[in-house]
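**Student:** After the structure tokens below, expect a handful of questions from me.
The values are calculated or read from the model by the stated rules, or taken from the named source; none is laboratory data. Please read these numbers as outputs of a predicted model, since none were measured by experiment. A quick note on method: Cβ atoms are made from the backbone with ideal geometry, for glycine too, and the neighbour counts reach across all protein chains shown. Heads up: the accessible areas ignore ligands, DNA and RNA and are worked out on the full protein's heavy atoms, side chains in. Shrake-Rupley method; radii C 1.70, N 1.55, O 1.52, S 1.80 Å.
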Amino acid sequence: MSGEASSSTSRDARLTILARVRQAQIRAHIPETKAGLPERLAYPPTTPAARRARLLEEFKILGVEAYVEESEEAVRLRVRSLVTGKTILSWDADRLPYGIGEAVRGEKIYYGHDSKEDQGQAEIGLTGCQNALAETGTLAMTSGQGRPRSASLMPITHVVVIREADILQGMGEFFDGFRKSPELPYLVFITGPSRTADIELSLTLGVHGPGYLIVVIGP
Amino acid sequence: MTKPKSVQLFHTCIINEVYPEVGMSVVSILERLGITVEVPLSQTCCGQPAFNAGFHADARKVARHTLDLLSANPAPVVIPSGSCGDMITHQYHMLFADEPEYLAKSHALSERCYEFSVFLVDVLGITDIGARFGTGAADAFKAAYHPSCHLLRGLGAKTQPKALLAGVQGLQCADVHDQEECCGFGGMFSVKNAAISSGMLANKLRNLEASGAKSVVSCDMGCLMHMAGGIRRKGMKLEVKHLAQVLEEGLGEKAEL
Amino acid sequence: MSHFLDRVETALKDEELKGALDRATERLGSRRSASLASLENSDMIRDMARRAKMGLLKDLAGNLETFEKNLIKNGVKVHWAEDGKAANGLLVDIAKKAGCKRAVKSKSMATEETHLNHDLLEADIDVLETDLGEYIVQLAGTTPSHIILPIIHMTKERIGEVMHNKIKVPYTSDPEKLAKIARVKLREAFLSADLGITGANFGVIDSGTIVLVSNEGNARLVTTLPRVHVVVMGIEKLVPNLADLDLMIKILGRSATGQKITTYTSLITGPRRAGEADGCEEMHVILLDNGRSRILGGPIAEILGCIRCGACLNACPVYKNIGGHAYGDTYPGPVGAIVTPGLRGIKGWKELPDASSLCGACREVCPVRLDIPRMLLELRKHAVEEAKIPFSLRMGLWGFGEVASRPWLYKTGARLGGIFARLLAPDGWIKKLPGLAGGWTRSRDMKAPAPKSFQQLWRERAAARPAGKPPAAPTPAREPAHVR
Ligand code: SF4
């Protein structure tokens, strides 16, 4: 039955572990922590312009290529120029903002329902994004129907389009949006290109995820 | 708080047995500042060696003796060691966690226990006692301060010794790479884990040498004895001094260094 | 297994290791302090994170039940394992039932702890580590030596050799090229894998969410491409809610690598939903005890608040000298010196808590302010109680407690020792000490006790001075400039 402890050994283990933990926590020596701390972290209010500026600043540090476009048309042109001639792995057209889906029609495009192998051929991932978090230069992406996770993950380049109005200050503010409905979608916070410093601390980009992250901010 | 007229000196084992002259320097500085120094003669050890090795029952015997002795006199206690100071003011609480009577005693005593530099700066409000070396910047006495771990992180005394050194004219504090890193002493650690301890000491001495300092100054003779032993073995030209010695020398005729 | 002190000697002889450790710990350490300095209210955030972690331990059982309930609600199958063997067994069962033959793994300490790979291979399930460092560790047939940088101990040349020998690619020592090779090789594996195995950086109790952080993106691939995803996590890896998760994320990346946030933070709340094109179809969580409930009941319960950032390793002068392998188990450095004896029992591991000068650098950098030195002292005490040896015997000091609580006995002993020591050291320094104390003279001379103790000098001074008269204060060399 779905959602139950799978085997009888695991069921026994559950009871044993919970009993042990219960016993242990009675006599556990848990140190006191500092008193007088706030219940939760406060986010002082900011202006949209300040958030955008901070986001761009963080992008620069992270090596994210960023474009700020003044009109919807400019966003479409920008995205076109970025993806033309490449094989694309895209969110469904109706899930992309600014009519970008229409704008890239005619290119070689794979979608989430295509085979993994086909998706693996794509050179560029094209997605929208729920929110951007200014203070860390982070993109908060949820996935769902027509918004596959693979598009922001498998191709070596990831092009993201966001609306300026969707720039929040930080993760706390983003999470506040889920306070009423604890039902979380699959979520990933992306901050800069994929990186590793495992080999003698030398920074290498794109070891598993995209090595190039390009963000287009629209009105 | 009102400035005390007298203090009890907890001189620590290592000063008593190996570096008695440091104890005399501490007394000399305190007396110069108008403090009457009392030395409870039946003091022994704070118990840290046993405590750190895990032998709490043994450590408690010694600690009870120390607590009884120092509590009997209402005068503040001055301890010329960050490590013994940390033991008495903090670790006794852990040691007596299950012994309410001595736990209360240790809490009460820790309220009036001060490491030497902390006593001067925080209690007496002094950072400049008028010490001086040489005649001008050209012949400044270059000293490297070594913040002993238990003074720095145990007692949280980061600024006091530095302030006192800054108050000495003609003394230049050398920049030391990884200054706050442990010298590798750690009491029994230096013997039980001699190989690791030696590696740590080698790093420390390399950094001290590179700093160009003439002396290493600290507030713990344990660390200084450890470094001195390494300095001697390596044939390096570096002196070790307790802060009280530096202050005394800067005050007196011994000022030509 | 070899003895701790032998492993230490081996490590200390390794000049290459020393160089690598110096570079890495220094770099990570300075990045950590810089990035924490740039975080507003970082001290308060650390205190709040500590409060969250300590708070949930007070009713860990209740919290586990809530977490389980929420996982189940999200469609996750929950399993419980008393020890490593049981966890591995559950995993093999899950794989067999789902018909999985090829597993990909992202870096997970819990499965290192249970030696999962060995049991999977034994059950004929292929398993590949996908974190670049762990992949190379697996190819080389060794173990990781740092929580964050598994191959901190290897040079790029050695890595090039391993890749060349094990996967037959042309030799190169260029890190960029090596990473590219790994990307291609591992991408093939991802596409054909049917089982993804991960640990969990956090489990969010009130949403039933598994949180994974990674810089490379391999954790995302492991949880996105294979059909089945199994999480193996210690029962302590919880946070109450998303607001607390925010605190943890703020300090984890900064403490670990000096990044404001790790590149990818995934929040996985159940398997793929209706209409979704990817994500696993079947998701399992194995909750692992393996000694944690015992830790909770003792004086080192606090260590269960560890978020495995590795900052204490980079700050530790002992770790910097000996590296991770000397610690002999999954968790190296100061955290390992607590966790290993905690999980495995003090017997056989008592050298770890002893191998510390108690300098406190770990406590200073720990993002959740764990008092590691205190816990080391607790473990030392525990080791003594277990072994039942009197301190006096171990130290070669007869009846320390008895003697040092009796002033006259103590002083006589010390003076006699001093006389003896000075015989060995006509110039005041001893070059070679016998027995255990010989460790000291391995690299240091030992200063012999002074001919006259401080108390002798003090009494002589008192005798030479008329009673009641305070000593005249000599005039200072100059006027004090500042007396507050
Ligand atoms: S003990 Fe603290 S510093 Fe060390 S890994 Fe755990 S959380 Fe990080």
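**Student:** Please find, within region C:339-354, the residue that is farthest from the ligand (Cβ to nearest atom) out of those that are hydrophobic (A, V, I, L, M, F, W, C) and crowded, with 24+ Cβ neighbours inside 10 Å.
**Tutor:** At the first step, the residues of region C:339-354 found to be hydrophobic (A, V, I, L, M, F, W, C) are C:339, C:343, C:346, C:349, C:352.
Then drop every residue that is not crowded, with 24+ Cβ neighbours inside 10 Å, which leaves C:339, C:352.
Details: C:VAL339: 8, C:LEU352: 14 Å.
Checking each candidate, the answer is C:LEU352.
**Student:** Hey, can you tell me all the residues within region C:137-152 that are assigned to a loop (DSSP other than H, G, I, E, B) and either within 16 Å of the ligand (Cβ to nearest atom) or open to solvent by 30 Å² or more (accessible area, probe 1.4 Å) (or both)?
**Tutor:** Step one: list which residues in region C:137-152 are assigned to a loop (DSSP other than H, G, I, E, B), which gives C:141-152.
Scanning region C:137-152 gives C:GLY141, C:THR142, C:THR143, C:PRO144, C:SER145, C:HIS146, C:ILE147, C:ILE148, C:LEU149, C:PRO150, C:ILE152.
**Student:** Still on this structure, please answer the following. Of the numbered conditions (1) part of a helix (DSSP H, G or I); (2) within 8 Å of another protein chain (Cβ to nearest Cβ); (3) not hydroxyl-bearing (Ser, Thr, Tyr), B:GLN43 fails exactly one; give the number of that condition.
**Tutor:** Status for B:GLN43: all satisfied but (1).
**Student:** Counting only residues that are among the basic types (Lys, Arg) and in contact with a strand residue (DSSP E or B) (Cβ under 6 Å, 6 or more places away or on another chain), which one in region A:76-96 is farthest from A:ARG149 (Cα to Cα)?
**Tutor:** Just the residues of region A:76-96 that are among the basic types (Lys, Arg), to begin with: A:76, A:78, A:80, A:86, A:95.
Filter once more, keeping what is in contact with a strand residue (DSSP E or B) (Cβ under 6 Å, 6 or more places away or on another chain): A:78, A:86, A:95.
Numbers: A:ARG78: 23, A:LYS86: 20, A:ARG95: 13 Å.
The selected residue is A:ARG78.
**Student:** Same structure, new question: Could you give me the residue pairs with C-beta distances under 9 Å whose first residue belongs to region B:189-205 and is more than 7 Å from chain C (Cβ to nearest Cβ) and farther than 18 Å from C:ASP6 by Cα, whose second residue is charged (D, E, K, R) and open to solvent by 10 Å² or more (accessible area, probe 1.4 Å) wherever it lies, and which are 6+ apart or on separate chains?
**Tutor:** From residues that are more than 7 Å from chain C (Cβ to nearest Cβ) and farther than 18 Å from C:ASP6 by Cα, the pairs are B:ALA202/B:LYS234; B:ASN203/B:ASP178; B:ASN203/B:GLU181; B:ASN203/C:ASP22; B:ASN203/C:LYS320; B:LYS204/B:ASP178; B:LYS204/B:GLU181; B:LEU205/B:LYS234.
To keep it simple, each residue is scored yes or no on (1) of a type outside the set (Lys, Arg); (2) away from chain A (no Cβ under 12 Å); (3) touching a Pro at 6+ places or on another chain (Cβ under 7 Å); (4) open to solvent by less than 10 Å² (accessible area, probe 1.4 Å).
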residue	(1), (2), (3), (4)
C:LYS180	no, no, no, no
C:LYS185	no, no, no, no
C:ALA189	yes, no, no, no
C:ASP194	yes, no, yes, no
C:ASN201	yes, yes, no, no
C:THR209	yes, no, no, yes
C:VAL228	yes, yes, no, yes
C:VAL231	yes, yes, no, yes
C:ILE235	yes, no, no, yes
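**Student:** Since A:PHE178 meets every condition but one in (1) open to solvent by 10 Å² or more (accessible area, probe 1.4 Å); (2) touching a Cys at 6+ places or on another chain (Cβ under 9 Å); (3) facing chain C (nearest Cβ under 7 Å), which condition does it not meet?
**Tutor:** Only one criterion is unmet by A:PHE178, namely (2).
**Student:** With the checklist (1) in contact with a Pro (Cβ under 8 Å, 6 or more places away or on another chain); (2) facing chain C (nearest Cβ under 10 Å); (3) in contact (Cβ under 8 Å) with a residue 40 or more places away in the chain in hand, flag the one item B:LEU70 doesn't pass.
**Tutor:** (2)
**Student:** If you don't mind, another one. Have a look at C:LEU397, C:LEU393 and point out the one that is part of a helix (DSSP H, G or I), of a type outside the set (Ser, Thr, Tyr) and at pLDDT below 80. Write out each step before concluding.
**Tutor:** On the way: C:LEU397 fails: part of a helix (DSSP H, G or I).
Of the residues listed, the single one that is part of a helix (DSSP H, G or I), of a type outside the set (Ser, Thr, Tyr) and at pLDDT below 80 is C:LEU393.
**Student:** Additional query: Evaluate the following for C:ALA95: is it crowded, with 23+ Cβ neighbours inside 10 Å, touching a residue at least 12 places away in the same chain (Cβ under 8 Å) and not β-branched (Val, Ile, Thr)? Step through it out loud before you land on a result.
**Tutor:** Values: crowded, with 23+ Cβ neighbours inside 10 Å: yes; touching a residue at least 12 places away in the same chain (Cβ under 8 Å): yes; not β-branched (Val, Ile, Thr): yes.
Against the criterion (crowded, with 23+ Cβ neighbours inside 10 Å, touching a residue at least 12 places away in the same chain (Cβ under 8 Å) and not β-branched (Val, Ile, Thr)), C:ALA95 qualifies.
**Student:** Related question: Do the conditions hold for C:THR269, that is, is it closer than 25 Å to C:ALA81 by Cβ, surrounded by 24 or more Cβ atoms within 10 Å (Cβ to Cβ) and more than 25 Å from the chain's Cα centre (by Cα)? Steps first, please.
**Tutor:** Values: closer than 25 Å to C:ALA81 by Cβ: yes; surrounded by 24 or more Cβ atoms within 10 Å (Cβ to Cβ): yes; more than 25 Å from the chain's Cα centre (by Cα): yes.
Yes: the conditions hold for C:THR269.
Each row is one residue, and each column tells you yes or no for (1) facing chain C (nearest Cβ under 7 Å); (2) touching a strand residue (DSSP E or B) at 6+ places or on another chain (Cβ under 6 Å).
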| site | (1), (2) |
| --- | --- |
| A:ASP12 | no, no |
| A:LEU15 | no, no |
| A:ALA28 | yes, no |
| A:THR33 | yes, no |
| A:ARG51 | no, yes |
| A:ALA74 | no, no |
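**Student:** If you don't mind, there's one more thing I want to ask. What single numbered condition from (1) at pLDDT 90 or above; (2) open to solvent by 10 Å² or more (accessible area, probe 1.4 Å); (3) more than 7 Å from chain C (Cβ to nearest Cβ) fails to hold for A:GLU183?
**Tutor:** (1)
**Student:** Counting only residues that are at the interface with chain A (Cβ under 7 Å from one of its Cβ atoms) and open to solvent by less than 10 Å² (accessible area, probe 1.4 Å), which one in region C:275-292 is nearest to the ligand (Cβ to nearest atom)? Walk me through how you get there before you give the answer.
**Tutor:** First, the residues of region C:275-292 that are at the interface with chain A (Cβ under 7 Å from one of its Cβ atoms): C:275-279, C:289.
Narrowing further to those that are open to solvent by less than 10 Å² (accessible area, probe 1.4 Å): C:279, C:289.
Details: C:GLY279: 30, C:ASP289: 19 Å.
Among residues in region C:275-292 that are at the interface with chain A (Cβ under 7 Å from one of its Cβ atoms) and open to solvent by less than 10 Å² (accessible area, probe 1.4 Å), the one nearest to the ligand (Cβ to nearest atom) is C:ASP289.
**Student:** Something else now. Give C:GLY336, C:GLY310 a once-over and let me know the one that is under 12 Å from the mean Cα position of the chain (by Cα), on the phi > 0 side of the Ramachandran plot, open to solvent by less than 10 Å² (accessible area, probe 1.4 Å) and within 12 Å of the ligand (Cβ to nearest atom).
**Tutor:** Going through C:GLY336, C:GLY310 in turn, just one is under 12 Å from the mean Cα position of the chain (by Cα), on the phi > 0 side of the Ramachandran plot, open to solvent by less than 10 Å² (accessible area, probe 1.4 Å) and within 12 Å of the ligand (Cβ to nearest atom): C:GLY310.
**Student:** If you don't mind, there's one more thing I want to ask. I need the full set of residues from region C:116-130 which are part of a loop (DSSP other than H, G, I, E, B) and surrounded by fewer than 22 Cβ atoms within 10 Å (Cβ to Cβ), in order please. Explain how you work it out, then say what you get.
**Tutor:** The first filter runs over region C:116-130 and keeps only residues part of a loop (DSSP other than H, G, I, E, B), leaving C:123-125, C:130.
The answer is C:ALA123, C:ASP124, C:ILE125.
**Student:** Out of B:GLY134, B:GLY130, which single residue is under 25 Å from B:ALA163 (Cα atoms), at pLDDT below 95 and open to solvent by 10 Å² or more (accessible area, probe 1.4 Å)? Working first, answer last.
**Tutor:** On the way: B:GLY130 fails: open to solvent by 10 Å² or more (accessible area, probe 1.4 Å).
On inspection, the qualifying residue turns out to be B:GLY134.
**Student:** Now for a separate question. Quick one: how many residues across region C:410-433 are in contact with a Ser or Thr (Cβ under 9 Å, 6 or more places away or on another chain) and either not assigned by TED's automatic domain parsing to the domain that holds C:ASP445 or not basic (Lys, Arg) (or both)? Walk me through it before giving the result.
**Tutor:** Filtering region C:410-433 down to residues in contact with a Ser or Thr (Cβ under 9 Å, 6 or more places away or on another chain) leaves C:410-411, C:414-415, C:418, C:430-433.
Add one more test, that the residue is either not assigned by TED's automatic domain parsing to the domain that holds C:ASP445 or not basic (Lys, Arg) (or both), and what stays is C:410, C:414, C:418, C:430, C:433.
Adding up the residues that qualify gives 5.
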